[in-house]
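Peer 1: If you scroll down you'll find the structure; I have some questions about it.
The values are calculated or read from the model by the stated rules, or taken from the named source; none is laboratory data. All values reported here derive from a predicted model rather than from experimental measurement. Note that we place each Cβ from the backbone using ideal geometry, even for glycine, and neighbour counts take in every protein chain shown.
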Amino acid sequence: MTITAEEMAPDFDFRFVWQTDDAEAQADAIGYWTRLGNLPHNASAEERAKELVCTVRDGTGRLVGLVTGRMGLIDQVRARLAFLRGSIEPEHRRGRVGFALMLFTRAAMERWSAEHPEEKLAGFGGFMEAEELKERGRQPYWPMTRFGLIGYLPDGRQIRVGWFRDFRLDI
Amino acid sequence: MTDSGVPDGAPDVRVAWRRDDEGIEADAIAFWARLSLLPEGVDPAVRAKEIVAGAYRDGELVGLATAAIEHVTFLKATMAVLRAATAPDHRRTGVQRALAGPVHAALSDWAAANAEVGLAGIIGFVDASELGDFLRVPVWPASGLEVIGYTPENRQIRVRWFDHFRFD
């Protein structure tokens, strides 16, 4: 059985804003990062806001979490993948909204890829710090997000890939 | 029936992993000899101990899956290295599709029952020449095997991790 983000966190409003130049979402994202102070010093909030993929708002309309992304190649699998960064307000980190946002993003990006075959976006990629993953890093395949281990970087970080099922590789 | 007269219904699958099933072992040795499938220097009796499951049609062995347990360095994991063979006149008739589920279940159940071995999943190396367009599918639906890379000889590497496995 597949559960959707809206079923998991019904009091929240999830939106897919990838490559839409949604000025309101971008302004809210910049406000969010400023409020939380969670962008690295060398990162431009305006540039990062252009990479917005999804936002989530609480019942009052306040932005409480977001996902940004970039597309890049993982040579090992010879495929173009989306590399995502997620952030959730501290007060919501113990709830289900963070996981719901991840599920929402996955489904929305998979649809976007199918609607834009010229982009050849094959799935998600990620480089994971073992320390940041803790117990989850011991599990080589995460069934809910379909994110599987494919190897390691020289610095020990895990390389994970989650394929879009309907994508077809160029062989 | 297929155009060539081969039945295309699902074959009967017989699981043999670590069961010392002399019947399927003898059938496999005859299958390898008939089709000249084993490389020189490989002892058929030893390879027969690696049978995971066989597929039968009308009492004849038409497909086989074997596995060797090996450490895969780049995954830092112990994996079942899968080999599959199908009789030429039964190819593209669902033989390996029928074997996929039972093979995964047999190896996964055995891994869970023998946790001290630390068997993490199944890995396969696939020749580009063998499967054509099927290689373009990143996750094979029947087996769950996903693309994780390519060898220097351009063979596709596919993996399915066991749900119950956790790294130390």
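Peer 1: Could you list, in sequence order, the residues of the range B:150-167 that are at the interface with chain A (Cβ under 10 Å from one of its Cβ atoms) and without any contact (Cβ under 8 Å) to a residue 12 or more places away in the chain?
Peer 2: Result: B:Tyr150, B:Arg166.
Peer 1: So the check is Cβ under 7 Å with 6+ separation or different chains; which pairs have a first residue in the range A:108-124 that's loosely packed, with under 14 Cβ neighbours inside 10 Å and a second one that's of a type outside the set (D, E, K, R)?
Peer 2: As it stands, the answer is A:Glu119/A:Ser113, since those pairs meet every condition given.
Peer 1: Given the residues A:Ala49, A:Ala82, A:Ala45, A:Ala29, which is the only one that is without any contact (Cβ under 8 Å) to a residue 60 or more places away in the chain, within 30 Å of B:Leu135 (Cβ to Cβ) and in contact with a helix residue (DSSP H, G or I) (Cβ under 7 Å, 6 or more places away or on another chain)?
Peer 2: The match here is A:Ala82.
Peer 1: Pairs, please: C-beta under 7 Å, at least 6 apart or cross-chain, first residue within 18 Å of B:Val81 (Cα to Cα) and in the range B:121-134, second part of a loop (DSSP other than H, G, I, E, B) and of a type in the set (S, T, N, Q)?
Peer 2: Close Cβ pairs satisfying both conditions: B:Phe125/B:Thr151; B:Ala128/B:Asn154.
Peer 1: Out of the range A:109-120, which residues are within 13 Å of chain B (Cβ to nearest Cβ), of a type outside the set (S, T, N, Q) and closer than 20 Å to A:Phe14 by Cβ?
Peer 2: A:Glu110 - this is the single residue of the range A:109-120 that is within 13 Å of chain B (Cβ to nearest Cβ), of a type outside the set (S, T, N, Q) and closer than 20 Å to A:Phe14 by Cβ.
Peer 1: Here's something else I'd like to know. Out of the strands (runs of 3 or more DSSP E) lying entirely within the range B:1-106, which hold 1 or more residues that are in contact with a strand residue (DSSP E or B) (Cβ under 7 Å, 6 or more places away or on another chain), free of Cβ contacts under 8 Å to residues at least 12 places away in the same chain and closer than 30 Å to A:Arg157 by Cα?
Peer 2: B:60-72
Peer 1: Further question: From the list B:Leu107, B:Leu99, B:Leu145, B:Leu131, exactly one residue is modelled with pLDDT under 95 and either more than 12 Å from every other protein chain (Cβ to nearest Cβ) or surrounded by 14 or more Cβ atoms within 10 Å (Cβ to Cβ) (or both). Which is it? Let's see the steps before the verdict.
Peer 2: Details: B:Leu107 fails: modelled with pLDDT under 95; B:Leu99 fails: modelled with pLDDT under 95; B:Leu145 fails: modelled with pLDDT under 95.
One residue alone meets the criteria, B:Leu131.
Peer 1: Which condition number in (1) within 11 Å of chain B (Cβ to nearest Cβ); (2) under 14 Å from the mean Cα position of the chain (by Cα); (3) surrounded by fewer than 20 Cβ atoms within 10 Å (Cβ to Cβ) is the one that A:Asp170 fails?
Peer 2: Result: A:Asp170 fails condition (2) only.
Peer 1: Looking at the range A:128-161, which of its residues are charged (D, E, K, R) and either surrounded by fewer than 20 Cβ atoms within 10 Å (Cβ to Cβ) or within 8 Å of chain B (Cβ to nearest Cβ) (or both)?
Peer 2: A:Glu129, A:Glu131, A:Glu132, A:Lys134, A:Glu135, A:Arg136, A:Arg138, A:Arg146, A:Asp155, A:Arg157
Peer 1: Mind listing whichever residues of the range A:117-152 are among the aliphatic types (A, V, I, L, M) and at pLDDT below 95?
Peer 2: Once the filter is applied, which keeps residues that are among the aliphatic types (A, V, I, L, M) and at pLDDT below 95, the range A:117-152 yields A:Met128, A:Ala130, A:Leu133, A:Met144.
Peer 1: For A:Phe164, are the conditions met, namely being without any contact (Cβ under 8 Å) to a residue 60 or more places away in the chain, in contact with a helix residue (DSSP H, G or I) (Cβ under 9 Å, 6 or more places away or on another chain) and more than 10 Å from chain B (Cβ to nearest Cβ)? Step through it out loud before you land on a result.
Peer 2: Values: without any contact (Cβ under 8 Å) to a residue 60 or more places away in the chain: yes; in contact with a helix residue (DSSP H, G or I) (Cβ under 9 Å, 6 or more places away or on another chain): yes; more than 10 Å from chain B (Cβ to nearest Cβ): no.
No.
Peer 1: Kindly provide the set of residues from the range B:38-78 that are of a type in the set (A, V, I, L, M) and within 14 Å of chain A (Cβ to nearest Cβ), ordered by number.
Peer 2: B:Val72, B:Leu75, B:Ala77 - these are the residues of the range B:38-78 that are of a type in the set (A, V, I, L, M) and within 14 Å of chain A (Cβ to nearest Cβ).
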